[in-house]
Amino acid sequence: MSSALSTNKSFRDSAIVLRTQDLGETDRIIVLCTREHGIVHAVAKGVRRSSSKFGARLEPFMLVEFSASSGKKLATISQVVTRRAYAAPIAADYGVFTVAAVLCELAEQLVQNDQDASVGQFSLLAGALSALAHRSHSPYRILDSYTARSFSLAGWDLATSACGICASLDDLAYFSAEVGVLCQNCGRRNLVQRVTPISEETPSYLTALKAGDWETVRALATTPSLSVRSSRLMMEYAQWHLERPLKTLAILETES
Ligand SMILES: [Zn+2]
């Protein structure tokens, strides 16, 4: 729970339900990515009873407004209103569901590391879940773009249009999970670990993902080797910077 909350104080916020965990016979712990209070762990009492006043509003991926009172370890939810019901459209497609699960795990780790960035992270996650629910783009491209943007917001800017070490704009030929794209010279000098050669289009493609420039992403993603390889690079980048390995990556289906 956010340290910003003092005990027994009631508060309201907007939030995205990241995951849930059963507690006792009828309750559930809801892990929320809130707009103003960072990551909040809250109990929804009686939520597993069919007569629960919360209904299906506290399922993963729902965007809600809620009221709660803070406690020592867990907050207690008193009221919930649905703002965007993303749960059903996301769960309808297993591939989309697995991507949404990775997005939520990334958001939980990033916001936990940096509660001050919660407003920006909340908006990015809400935008990505909306795009997934509406099938606006390929789920994998939504994940890649979300990763580039959310990590940059968290202070780990991914170098995409200039070498991450010497800032050269020319001969960008490698990728490192630590910094992003590297020029020919820096890539060959073993300055960072895990250096992979990249194609000529990769820097423009990663730049477009980071900017949310969907027109360019769509045009370049028609080369499947570029988009699939870039996806792998983005996940390596995410894993490198996180303290814990991403559990949900194990269920992410391989892109065909
Ligand atoms: Zn360089």
For this session: Please note which strands (runs of 3 or more DSSP E) are completely contained in segment 131-207 and include at least 1 residues that are among the β-branched types (Val, Ile, Thr).
Result: 180-183, 195-197
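Residues checked against (1) within 16 Å of the ligand (Cβ to nearest atom); (2) basic (Lys, Arg); (3) touching a Leu at 6+ places or on another chain (Cβ under 6 Å):
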| position | (1), (2), (3) |
| --- | --- |
| GLN184 | yes, no, no |
| ILE198 | yes, no, no |
| PRO203 | yes, no, yes |
| GLY212 | no, no, no |
| ALA219 | no, no, no |
Problem set entry | Candidates GLY95, GLY127, filtered to the one that is free of Cβ contacts under 8 Å to residues at least 24 places away in the same chain and either hydroxyl-bearing (Ser, Thr, Tyr) or outside the structural domain of LEU63 (by TED's automatic domain parsing) (or both) | GLY127
Exercise. Do we have GLY71 as small (Gly, Ala, Ser) and on the phi > 0 side of the Ramachandran plot here?
Worked result: no
For this session: Determine whether segment 57-80 contains at least one residue that is assigned by TED's automatic domain parsing to the domain that holds TYR205, under 19 Å from GLN21 (Cα atoms) and aliphatic (A, V, I, L, M).
Result: no
Seminar exercise, completed: Residues of segment 85-108 being within 21 Å of ARG28 (Cα to Cα) and either surrounded by fewer than 16 Cβ atoms within 10 Å (Cβ to Cβ) or polar (S, T, N, Q) (or both), in sequence order, are ALA88, ALA91
Problem set entry | Out of SER67, SER51, sole residue that is over 16 Å from the mean Cα position of the chain (by Cα), modelled with pLDDT of 95 or more, among the small types (Gly, Ala, Ser) and over 16 Å from LEU132 (Cβ atoms) | SER67
Problem set entry | segment 66-82: number of residues that are surrounded by 15 or more Cβ atoms within 10 Å (Cβ to Cβ) and either of a type outside the set (S, T, N, Q) or part of a helix (DSSP H, G or I) (or both) | 7
For this session: Go through (1) part of a loop (DSSP other than H, G, I, E, B); (2) touching a residue at least 40 places away in the same chain (Cβ under 8 Å) one by one and return the number of the condition SER50 breaks.
Result: (2)
Problem set entry | Residue, farthest from the chain's Cα centre (by Cα), within segment 180-197, restricted to residues that are over 14 Å from TYR237 (Cα atoms) and touching a residue at least 24 places away in the same chain (Cβ under 8 Å) | LEU191
Exercise. Of the residues ALA162, ALA177, which single one is within 23 Å of THR248 (Cβ to Cβ) and either more than 19 Å from the chain's Cα centre (by Cα) or more than 9 Å from the ligand (Cβ to nearest atom) (or both)?
Worked result: ALA177
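The values are calculated or read from the model by the stated rules, or taken from the named source; none is laboratory data. Values in this document were obtained by computation on a predicted structure and should not be read as measured data. As a convention, Cβ positions derive from the backbone with ideal geometry for all residues, glycine included, and neighbour counts pool all protein chains shown.
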